[in-house]
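Okay, so here's the structure we're looking at.
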Amino acid sequence: MTSHSLDVYGKGTAVWLQDDKTGWISAQLVSKDVSGDNVKLTFLTDDGKDLVIETTLTKLSKTNNAELPPLRNPPMLESADDLTSLSYLNEPAVLHTIRTRYLQRNIYTYSGIVLIATNPFQNVALYTQDIIQAYSGKRRGELEPHVFAIAEDAYRAMLREKGNQTIVVSGESGAGKTASAKFVMRYFASVDDKEKPQDVKKSNATASGMSEVEEQIMATNPIMESFGNAKTTRNDNSSRFGKYLEIQFDKNHNIIGAKIRTYLLERSRLVYQPETERNYHIFYQLCSGAPPSEKKNLDLGDYSQFHYLNQGGSGTILGVDDTAEFETTQKALSTIGITIQTQWQIFKLCAALLHIGNIDITESRNTAIVSETDQALITATKLLGIKTEDFRKWLVKKQIVTRSEKIVKDLSAQQATVVRDSVAKYIYANLFDWLVNIINESLSNEEVTKNISNFIGVLDIYGFEHFKKNSFEQFCINYANEKLQQQFNQHVFKLEQEEYVREKINWTFIEFSDNQPCIDLIEGKIGILSLLDEESRLPAGTDNSWCNKLYQHFDNPTCKKYFQKPRFSSLSFTISHYAHDVIYEAENFLEKNRDTVPDEHLTLLKNTDFEFLEDVLTKGSAITSPAAKSDAKRSSVIAKKPTLGSIFKASLISLMETINSTNVYYIRCIKPNEAKMAWKFEPPMVLSQLRACGVLETIRISCAGYPSRWTFDEFVQRYYMLVRSKHWGPDTKKLCSVILDDSIKDPDKYQVGMTKIFFRAGMLAYLERLRLDRLNECVTLMQKNMLRHMHKKRYQALKSSTIKIQALYRRRVAMSELKRLREEKAAITIQKNWRRYIQRKRYLRAKKAIHKLQIAVRGVITRQKFEDLRRNAASTRIQSVYRGWVARRDYKMTLKRIIYIQSCLRRRLARAELKMMKIEARSASHYKEVSYKLENKVIELTQNLEQKSQENKTLEARTTALEGQIKSWIERYEKLEADANNFKNSTKQSTIGIDEFKTLQNEKETLESRYRTSLENIKKQDTEIQRLTSEISKKDDEVARLRATTAKYKGAEDPATVLALKQEISTLREQLSKVKSGVRGTSPPPPHRQENGFLTAAGSSSLKLPSQSRRPRRHSSAEPNEARRKPKTSVDLVMAEAKKPGLRPVTVSYTQMNVPKIRSPSGRIHLPGVEDEPEEEIMKLLEDEETLDEEIINGLIKSLKIPLPSLQNPPSQKEILFPARLISLLAKQMWKFGFIKESERLFANVMKTIQEHVMDFEGDEAILPGAYWLSNVHELLSFANAAERDMLRGINPAAESGGKPFEWHDYERLVSIVKHDLESLEYNIYHTWMKELKKRLFKMVIPAVIESQSLPGFITNETNRFITKFITGPTTPAFSMDDLLNFLNKVWKAMKSYYVEMSVIQQVVTELLKLIGVTSFNDLLMRRNFCSWKRAMQIQYNITRIEEWCKSHEMPEGTLQLEHLMQATKLLQLKKATLGDIEIIYDVCWMLTPTQIQKLISHYFVADYENPISPEILKAVANRVVANDKTDILMLDATPLEDSGPFEVPSPREVTPPDNYLPAWLNLPHVKRLGTLAT
């Protein structure tokens, strides 16, 4: 066995040697000499010193190798996050691992079930909300060690086991217990449980994300710190009491309440503070933060004026603002339900205590004296509401009650000071208990208690203390730690025992350090506490007599191990605690244990006039009495006042019962240095704390059994190479047995359980050595085969090259011979062809000469023949031209003579006919016809004259109405101006609230807009008046011209003709009057006025006349075309003019011509002679609201089949936007015919239905509906914007129709409301849609970007990829990059196909890419096993695919959202061997913060073939992290799934003309008919 242990100590083995300064120092084994029984080991330390250890094998066997130095772990494991995973689990290895991690800025380390938290003494970015959510739902070990991991583990255990949990936070003062406890509480209050159903999540969450109860629980921290924490030499915020916070959960696992139990408040701190220390924070906060008026009332000043606050000489804390802390305390008190009045009563009591401390007690002849005029005495009694004289009397006197009389005795100054301080301590202790009671009543009332299902307790209690002078407080604190250490040891042993039993392995009892004798020494029946209580009840009891009793009772062999009497002191004693031997000074033990106040003072305080003080004392006494009663053993004993020791003992027993009934988790806080310097590590101090907090004891217990435990899969994946491949198979347990049998010969070194293998200490190191040797053998074999392969390949290459050279030479010789033969053959061929060429050339030359001679002879003969023919043709042509000219000359002469004769004859006949016509013209019938035409002209002119006169009268009436209207506008303007002035004056007043001021400001803007509108309308009216005036002048000119024309015609006829014409005119007038009387039979319409830019009827009731029978159609096909085109009446003329292009028919046109308007009972307006059936049908359709709502809501929205998106053959706009355009068309028709309220109801139903319809879809199903309705809603919003623009220009939508009347302001309000609601709807649809998209994408991001491995050749696994595939088969992530890109393509295609604006597309894609980048980066940052260079290659390849997607979709700026992730992958791939490499990393990864870089480098997963990063590099990287740098963050702000940030509504679209497009498959007859009629 000994030789087996010595085998581990080979040359170069790293070990630990003891050192006086640093505790342990590293060394390497230089030589090992084993000769016989003697063993000699030579070591070389890191500082160059040699150390020799000589021993024998026998001695090593007897001491179980205790003389051998502890082995050092390999560098790969020296920064392990769990101490139990170390190969060598010993004291120096534990200390070095904690130190290494601390210097790398990793303050948390696991040690089995314990979390070791080392205080960094500076703010670190480890507690943000993002990190809280990162640990939510994660199992312990998945992420870095953290206090949040312990809290999550406790929370999950409560859910899983339905049991209560306790988290014990311990450590010495300044180790960070209070901060750790606060972070645990904050985790429970802030975490969002991802596994909790949506319907049972927080329903009353506030803006901070916490419920009201959770905020109240968090508010208890500043309250308890203010009243129970103080500055000490070791800690600026030291808790001077123990606290057990019970966080209560209901059956839905929501926090519903809390309860606080406190232990041993340090009362003496109120009256005395050592040098550089402070009193409780609340007093300094009150002196600094109280308002001047309250300071005056309470007679407060600077802290240095009060004796209770200036003893330590240090009244401020560096970096702490007492004024701001006072505000925080007040806010926290208000949060838990304490009113402002009650708060100032609390502060009043605190001020009274300060004044009590300033009471000056002097001494004269051993008698204490207090002056009657002592201002502190007067102020204190005034604030307390007690009589000054009585309080002064009993400060300096004491009453002794005997059986027969009462004796009053004077006190000395020292005794009087003790009485004064005891009164102050009594009041403050009761105030503290009252405050705790109020908090409990607020957080855990009867209703909450009924609904409590489970609770998680957080125990924040003082750690083990040993100072130069240790008193009663240190005794109680160390007593509590003895109890907690015993519970801790038993819990650890119990867990070890349970696991051995569960795994069914053979085990023997493990001895561990049991401190029960020490506890019995303190709390036994005749223990230190019982003797102290007995002595405290004796009137003559003293510290000296009590100490002598201790010497007498415990001076025996049984107690000698734990109790000793110092040599040079009779008032002290030593107790050997589990952590350290502590010497206690017995002075003042009895006084502190009694903690009594004279009965006279108790009576005086109970009779106070200050009701709040009376309530505090009553409740405070009620709180302490149950604890005292629980410790009463003998009922026969007369009622006694409980001592402080008995109260503490009873509360401690109750605490231990609570802890033992729960599942316990441990957080051990370590203080790394005494000077409270950031990131400074003092090994001896840390080592003593590790012993004190029980961490080393836990390791000792583990090492006594089987400290190293591996599951079968883990063991196989690590050590499968120790056996041959023929043994490999899917049965991992069998393979483990083969490996163990082949590797470890001693069966006592391990045991195989049901799911794990248990190893003795050091066996993993032995297996690691075997593994390394095996890997070296395999590498050597691979090198041998590789070298053989390389040399064989080199020979084959040389042989191949030689053969190729020979073949090349032979080829060259053959090619030379071939070239000679080819040249010879070519020469013969050239000669043959040359001779042929010469002979042929001669022949061709002779042939060409003969041919030319023949051509020349034939040409001469042919030219001679052609000349003869040409001369004959010319002679013939001249002869024919001459004969034709002679014939044409003769014809023209003959024609001219004939025409002359005809002209003479016709002239003669015309003269005769003229003569006959002149005779006929002088006859009377002609004059009669002319006079008849003139009569018609006169009648026409008369009618025109009457018409112009009537028009003048109408224009004058309109002018008068307009002038009146202008006056009303001027009056309204003056009224608006007066209102504006009044409003300006009212705004100058400072008494108006902010909300009322905003309301008035909005009214002012409304009035100003109306004022500007009024000015514009006045200008329009002035323009109209000028136009009408010019028209009147033109009409007058025309009338004058007509009169002049009539006078001229009157004088142009003879009297007989004129008489006849007058008779005809009178006849026509009679006919005309009859026609007019018939027209006037219907009452004329009332005058109309123009208001707010559109025409409104002055009295609509006058138009409601009985409907007349409808006239036949004017354009009936039975009439000829001439009748259709020719107007028959004056009404027809007016209507014809109205229907000309460019003119809009308005009511004023018919009024000018006195044409009646007739309103039917249904509200429609008819004009005589005008056919209006389409309008009537439209109104009937609009009045049928139920049918329209049914078709729009169910047919057009709910049952709509959304077209599938396509980029190759995209649908047209009308195919996508037809729902919005049909709704817009319907709304436009409603406004046109006055259906304002109906349109408002329609829009409300439409918007509600669209929103509910979109929210019904989830996951992938939400992609298409979201994009489709987002585009359609924006189309509706564009329509509303267009309507608003028309409204601001004064365009009335009902100006062209005769619909129902409505008020203009109703229309304005409707348009404004519709526009606002549509903007809200588009906002809601966008966020609802984005919420579903992000939920779906969030599930894909981590598997696709981080876990998927698409790049061949770099596929890796967190363990061993080969053996994992061999045993379990390959595993693939839930989603791949193809799935993610397909999702993005689907979203992009939907938005592009549905004509979503580009700005919205950019918002959507940017938000989704931000989710990918942030989520992936944060996940990579927290996962240690993924931080390798191969994983970085895979992630970078995945990022590249996303970047290519962005570029192909014209979104290159979207890649900026992935920059953090890209730089993180570059960091993991860069070299990290030297400081120069680190500088390169910082230059390349410029976007990453120093904390992020430090985290990634410290998490870097070193492969077996890589050298680990040196501690110097890790330390240099950690030193770059600057404390309190707000820009130096760890995790990026997580993209919330519920919120997509601000949504920028895109610009309105250009509204297209009305379109009645409706797909053929939609059966909406009413909507289709309405669209047809409207367009």
Those helices (runs of 4 or more DSSP H) lying entirely in the stretch 522-600 with at least 1 residues touching a Cys at 6+ places or on another chain (Cβ under 6 Å) and over 30 Å from L687 (Cβ atoms): none
Top-ranked residue in the stretch 686-706 [being over 44 Å from the mean Cα position of the chain (by Cα) and assigned to a loop (DSSP other than H, G, I, E, B); ranked as surrounded by the fewest Cβ atoms within 10 Å (Cβ to Cβ)]: G705
Filter result (among the aliphatic types (A, V, I, L, M) and in contact with a Ser or Thr (Cβ under 9 Å, 6 or more places away or on another chain)) within the stretch 291-315: L298
Filtered residue count, the stretch 524-580, keeping only those that are β-branched (V, I, T) and farther than 24 Å from Q487 by Cα: 1
R240 vs. criteria more than 36 Å from the chain's Cα centre (by Cα), over 18 Å from A324 (Cα atoms) and open to solvent by 20 Å² or more (accessible area, probe 1.4 Å): yes
Meets criteria (under 30 Å from K177 (Cβ atoms), touching a Leu at 6+ places or on another chain (Cβ under 9 Å) and either among the β-branched types (V, I, T) or open to solvent by less than 40 Å² (accessible area, probe 1.4 Å) (or both)) for E91: no
Filter result (out of contact with any Asp or Glu (no Cβ under 9 Å at 6 or more places or on another chain), hydroxyl-bearing (S, T, Y) and open to solvent by less than 20 Å² (accessible area, probe 1.4 Å)) within the stretch 410-444: Y428
I369 in contact with a strand residue (DSSP E or B) (Cβ under 6 Å, 6 or more places away or on another chain) and β-branched (V, I, T): yes
Filter result (surrounded by fewer than 17 Cβ atoms within 10 Å (Cβ to Cβ) and either under 29 Å from R1285 (Cα atoms) or hydroxyl-bearing (S, T, Y) (or both)) within the stretch 1556-1567: Y1557
E956 surrounded by 10 or more Cβ atoms within 10 Å (Cβ to Cβ) and out of contact with any Phe, Trp or Tyr (no Cβ under 7 Å at 6 or more places or on another chain): yes
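Okay, residues lined up against (1) open to solvent by less than 40 Å² (accessible area, probe 1.4 Å); (2) at pLDDT 80 or above; (3) aromatic (F, W, Y); (4) closer than 30 Å to E1332 by Cβ:
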| site | (1), (2), (3), (4) |
| --- | --- |
| L1467 | yes, yes, no, no |
| E1506 | no, no, no, no |
| L1514 | yes, yes, no, no |
| R1520 | no, yes, no, no |
| T1527 | no, yes, no, no |
| D1533 | no, yes, no, yes |
| D1539 | no, no, no, yes |
| T1572 | no, yes, no, no |
Subset tally (residues that are within 36 Å of the chain's Cα centre (by Cα) and small (G, A, S)) for the stretch 1225-1271: 6
Per-region count, the stretch 357-382, residues hydrophobic (A, V, I, L, M, F, W, C), closer than 22 Å to S268 by Cα and assigned to a helix (DSSP H, G or I): 3
Residues within the stretch 297-330 that are in contact (Cβ under 8 Å) with a residue 40 or more places away in the chain, surrounded by fewer than 19 Cβ atoms within 10 Å (Cβ to Cβ) and of a type in the set (A, V, I, L, M, F, W, C), tallied: 3
Residues being in contact (Cβ under 8 Å) with a residue 60 or more places away in the chain and either more than 24 Å from L590 (Cα to Cα) or among the β-branched types (V, I, T) (or both) - total across the stretch 265-279: 1
V716, sole failed condition from (1) open to solvent by 30 Å² or more (accessible area, probe 1.4 Å); (2) closer than 30 Å to G12 by Cβ; (3) in a helix (DSSP H, G or I): (1)
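Kindly establish whether L1420 is at pLDDT 90 or above and either on the phi > 0 side of the Ramachandran plot or part of a helix (DSSP H, G or I) (or both). Working first, answer last.
Values: at pLDDT 90 or above: no; either on the phi > 0 side of the Ramachandran plot or part of a helix (DSSP H, G or I) (or both): yes.
Against the criterion (at pLDDT 90 or above and either on the phi > 0 side of the Ramachandran plot or part of a helix (DSSP H, G or I) (or both)), L1420 does not qualify.
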Filtered residues of the stretch 654-685 (kept if surrounded by fewer than 22 Cβ atoms within 10 Å (Cβ to Cβ), part of a helix (DSSP H, G or I), in contact (Cβ under 8 Å) with a residue 12 or more places away in the chain and not hydroxyl-bearing (S, T, Y)): M656, I659, N660, P683, P684, M685
Residue count, the stretch 690-724 (criterion: modelled with pLDDT of 85 or more and of a type outside the set (A, V, I, L, M, F, W, C)): 5
Qualifying position, being open to solvent by 10 Å² or more (accessible area, probe 1.4 Å), free of Cβ contacts under 8 Å to residues at least 40 places away in the same chain and either not charged (D, E, K, R) or not in a helix (DSSP H, G or I) (or both), among I407, I452: I407
Selection count where residues are buried (at least 17 other Cβ atoms within 10 Å of the Cβ) and part of a helix (DSSP H, G or I), scope the stretch 1389-1405: 10
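Going residue by residue through the stretch 10-21, is there one that turns out to be more than 27 Å from T97 (Cα to Cα) and open to solvent by 60 Å² or more (accessible area, probe 1.4 Å)?
No; the residues of the stretch 10-21 include none that is more than 27 Å from T97 (Cα to Cα) and open to solvent by 60 Å² or more (accessible area, probe 1.4 Å).
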Count of residues meeting criterion [in contact with a Ser or Thr (Cβ under 9 Å, 6 or more places away or on another chain), touching a residue at least 24 places away in the same chain (Cβ under 8 Å) and under 15 Å from L1222 (Cβ atoms)] in the stretch 1522-1556: 4
Hey, W507 open to solvent by 50 Å² or more (accessible area, probe 1.4 Å) and either touching a Leu at 6+ places or on another chain (Cβ under 9 Å) or farther than 30 Å from L245 by Cα (or both) or not: yes
Residue among N65, N73 that alone is in contact with a helix residue (DSSP H, G or I) (Cβ under 9 Å, 6 or more places away or on another chain) and farther than 22 Å from F681 by Cα: N65
Lone qualifier among M790, M782 - being open to solvent by less than 100 Å² (accessible area, probe 1.4 Å) and either at pLDDT 95 or above or under 30 Å from L722 (Cβ atoms) (or both): M790
Any pair with Cβ under 9 angstrom, 6 or more apart, that starts in the stretch 132-157 at a residue that is within 23 Å of L1532 (Cβ to Cβ) and ends at one that is crowded, with 21+ Cβ neighbours inside 10 Å and of a type in the set (D, E): Y135/E152; S136/E152; G137/E152; K138/E152; H146/E152
Contacts under 8 angstrom Cβ, first residue in the stretch 340-362 being under 19 Å from D374 (Cα atoms), partner open to solvent by 30 Å² or more (accessible area, probe 1.4 Å) and part of a helix (DSSP H, G or I), 6 or more apart: N358/Q305; I361/T417
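The values are calculated or read from the model by the stated rules, or taken from the named source; none is laboratory data. As the structure is a computational prediction, the values presented were derived from the model and not from experiment. Note: ideal-geometry Cβ built from the backbone for every residue, glycine included; neighbour counts use all protein chains shown. For the accessible areas, the whole protein counts, side chains as well, though only heavy atoms, and no ligand, DNA or RNA atoms are used. Shrake-Rupley method; radii C 1.70, N 1.55, O 1.52, S 1.80 Å.
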